[in-house]
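Trainee: Here it is, the structure, as structure tokens.
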Amino acid sequence: MPRPLKVYRTAIGFRDAYVAAASKAAALRAWGTAKDLFARGGAEEVTDPALMTEALAKPGEVVYRTRGGLEEQVAALGTLPSRKGAVRKPEPDPAPARKARPARPKPSRAALERAEQAIAAAQHDQDRAEAELLDKERALAAERKETEARFARERDHLQEQLQHARKDYEAALRRWEP
């Protein structure tokens, strides 16, 4: 014996979709959804005989019926028709009055300025120290150059003395040899 048909309804836009089916799962399949609209409250079983008649005449087929009149549909949109036929939005409800917050003072920049000044002072000290080191490096380079020149002169002088001493020694050796 086949199961008796029940009529189910879900809202699709401004229309209700009715279907006569043996179960809720069959109704969901007829509407083309896998989501359980019944568990979410988006679908329900219909018991009003006036709403069931057309769906029971076409079992398994989705029957659409417009909900309400034009005025109800426009009201559901949240807009009102104007005199010229254009649609305008209703005035929003005024927002609840808020308590005025006390004016907060602007944050102080004192700590930020002290930190910036400390960085500037440290940079100045570093620049001064680097300049002093550069002067010392230049002075040491000049001293090194002078020292190298002095030792080069002294070495040349000593080389000349060595050559004279060698010549004198070699001459003395020649005289000494029999």
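Trainee: Checking E61 against (1) at pLDDT 70 or above; (2) outside any loop (DSSP other than H, G, I, E, B); (3) closer than 30 Å to Y8 by Cβ; (4) of a type outside the set (A, V, I, L, M, F, W, C), which single condition isn't satisfied?
Mentor: So E61 meets the others, but not (2).
Okay, residues lined up against (1) touching a helix residue (DSSP H, G or I) at 6+ places or on another chain (Cβ under 6 Å); (2) part of a loop (DSSP other than H, G, I, E, B); (3) modelled with pLDDT of 90 or more; (4) among the hydrophobic types (A, V, I, L, M, F, W, C):
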residue	(1), (2), (3), (4)
A25	no, no, yes, yes
A30	no, no, yes, yes
L51	no, no, no, yes
Q73	no, no, no, no
P90	no, yes, no, no
A97	no, yes, no, yes
K106	no, yes, no, no
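Trainee: Looking at A30, A26, which one is surrounded by 13 or more Cβ atoms within 10 Å (Cβ to Cβ) and within 18 Å of T53 (Cα to Cα)?
Mentor: Result of the check over A30, A26: A30.
Trainee: Take A43 and decide whether it is at pLDDT 90 or above, more than 13 Å from V62 (Cα to Cα), aliphatic (A, V, I, L, M) and within 44 Å of the chain's Cα centre (by Cα).
Mentor: Yes: the conditions hold for A43.
Trainee: Next question. Please find, within the range 10-23, the residue that is farthest from R67 (Cα to Cα) out of those that are in contact (Cβ under 8 Å) with a residue 40 or more places away in the chain and in a strand (DSSP E or B).
Mentor: A20
The values are calculated or read from the model by the stated rules, or taken from the named source; none is laboratory data. Please read all numbers here as calculations on a predicted model, not as lab measurements. All Cβ positions, glycine included, derive from the backbone under ideal geometry; neighbour counts span all protein chains shown.
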